[in-house]
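Colleague: I'd like to ask you about the structure that follows.
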Amino acid sequence: MYSTTYHKPASIEDAIAALNGGEDTKILAGGQTLIATMKQHLAAPSDLVDIRAIGGMSGISAAGGALTIGAATTHAEVASSAEVKSLCSALCDLAGGIGDPAVRHQGTIGGSLANNDPAADYPAAILALGATIKTNTREIAALDFFDGLFTTALEENEIIVSISIPVPQKAAYAKFPQPASRFALVGVFVAQTDDGVRVAVTGAGEDGVYRHQGLEEALGSNWSASAAAGVPISPDGLMSDLHGTAAYRANLIGVMAKRAVAAT
Amino acid sequence: MDMTGEYRIAATRDVVWQALNDAEVLKACIPGCEALEWTSETTLSARVVQKIGPVKVKFNGEVELVNINAPQSYTIQGEGKGGVAGFAKGGADVVLTKDGDETILSFAAKAQVGGKIAQLGSRLIDSTAKKLANKFFSNFHEYLSDDAPAGD
């Protein structure tokens, strides 16, 4: 066994102090990946800094054509939010399909984004919707945020405070869940935004979430399931594992894109 | 996990070979390497910290150089134990080919993990191993390109 010191600061300043005060500190933002990892003894941080009690870290608001979601907002809160439902219901569908009820009531949007699991759902939405990630020190565009497998633009001990999401004209998410974990075997988020069409794919790429150019071009000129169906999807750079080969995932990307567009 | 790759390095084969046998250079190029010291002519002890998302494992192990055919090729292989997390082992066959004043480095690497880390699933292990192998050789390439050793 090993011991861990648990901190629950009420302000960003206290959180940063706690993070800098330990030898091997980790931010706890729901712990749906981190705690499971610690139970397996695959991580043994000296200090955990729970950021959920920091003022202003959770909650949902809408203003000026954008939704702002606090980093510590749980998936269940997003899934059941009337505001999200009316402005971007695809996000409710996505959040409501993450893991199981226990995960949805503990896991948070900020935690999911900072972890950047290559099969997580939220990264696809954030990338396709062109969201902005606000941290304690700066704002990062979604395009610059995801940086490969479990890697983001976040600095050590940088804390996500909120996510600002421009309301799309149309958006939908379709995923083929891995039956045991409900992680995306393949998930495709399609969005028609003021900056054009974006299609983000999770669960499939070797480097995690990415935008599919071919699908974006096809849907940009013709927003229809048949246009999505006509796009060749290359298996190059896709993951292969016992759940599915790269070719299988490539096929699923086409199918999920078609379903997502049909759902808008 | 099996992977291959090739780099063109703007240095003579002797210089590249020397760097491939320099513990300081290897330490600087192996991702997450905290310590690397010779324990014999062909073996080194190593301490490497690896992070895959939430997982952070400290490996203590040994790196060995075998099939040495100076200054042309060798196999670098290592095995590390990460406590309760499990173990990792891997290796790369490295071949240096002369091309005028430049050198073409080609490699074929493989990696394997066991124990609890293996439960993370092959999708993560494979992607990570590929990333690490690529990182090593690109670090190595950068080291020789930036540093432009005088061939001493």
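Colleague: Grab the strands (runs of 3 or more DSSP E) fully contained in the range B:1-104, keeping just those with 2 or more residues being among the aliphatic types (A, V, I, L, M) and surrounded by 14 or more Cβ atoms within 10 Å (Cβ to Cβ). Talk me through it step by step, then tell me what you get.
Modeller: Values: elements: B:2-9, B:33-38, B:43-52, B:55-69, B:73-81, B:87-99.
It comes to B:2-9, B:43-52, B:55-69, B:87-99.
Listed here are the residues, each with its yes/no results for (1) surrounded by fewer than 23 Cβ atoms within 10 Å (Cβ to Cβ); (2) out of contact with any helix residue (DSSP H, G or I) (no Cβ under 7 Å at 6 or more places or on another chain); (3) in the same structural domain as A:ASP117 (by TED's automatic domain parsing); (4) within 23 Å of A:THR151 (Cα to Cα).
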position	(1), (2), (3), (4)
A:ALA184	no, yes, no, yes
A:VAL199	no, no, no, yes
A:ARG211	yes, no, no, yes
A:LEU215	no, no, no, no
A:MET239	no, no, no, yes
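Colleague: I'd like to check which strands (runs of 3 or more DSSP E) are fully inside the range A:1-104 and have at least 2 residues that are within 27 Å of A:TYR173 (Cα to Cα) and hydroxyl-bearing (Ser, Thr, Tyr). Break it down stepwise before answering.
Modeller: Values: elements: A:5-7, A:25-28, A:47-50, A:60-63, A:66-70.
In the range A:1-104, there are no strands (runs of 3 or more DSSP E) which contain 2 or more residues that are within 27 Å of A:TYR173 (Cα to Cα) and hydroxyl-bearing (Ser, Thr, Tyr).
The values are calculated or read from the model by the stated rules, or taken from the named source; none is laboratory data. Quick caveat, the model's predicted, so the values are computed rather than measured. Quick reminder, even Gly has a Cβ in these numbers, built from the backbone with ideal geometry, and neighbours come from all protein chains shown.
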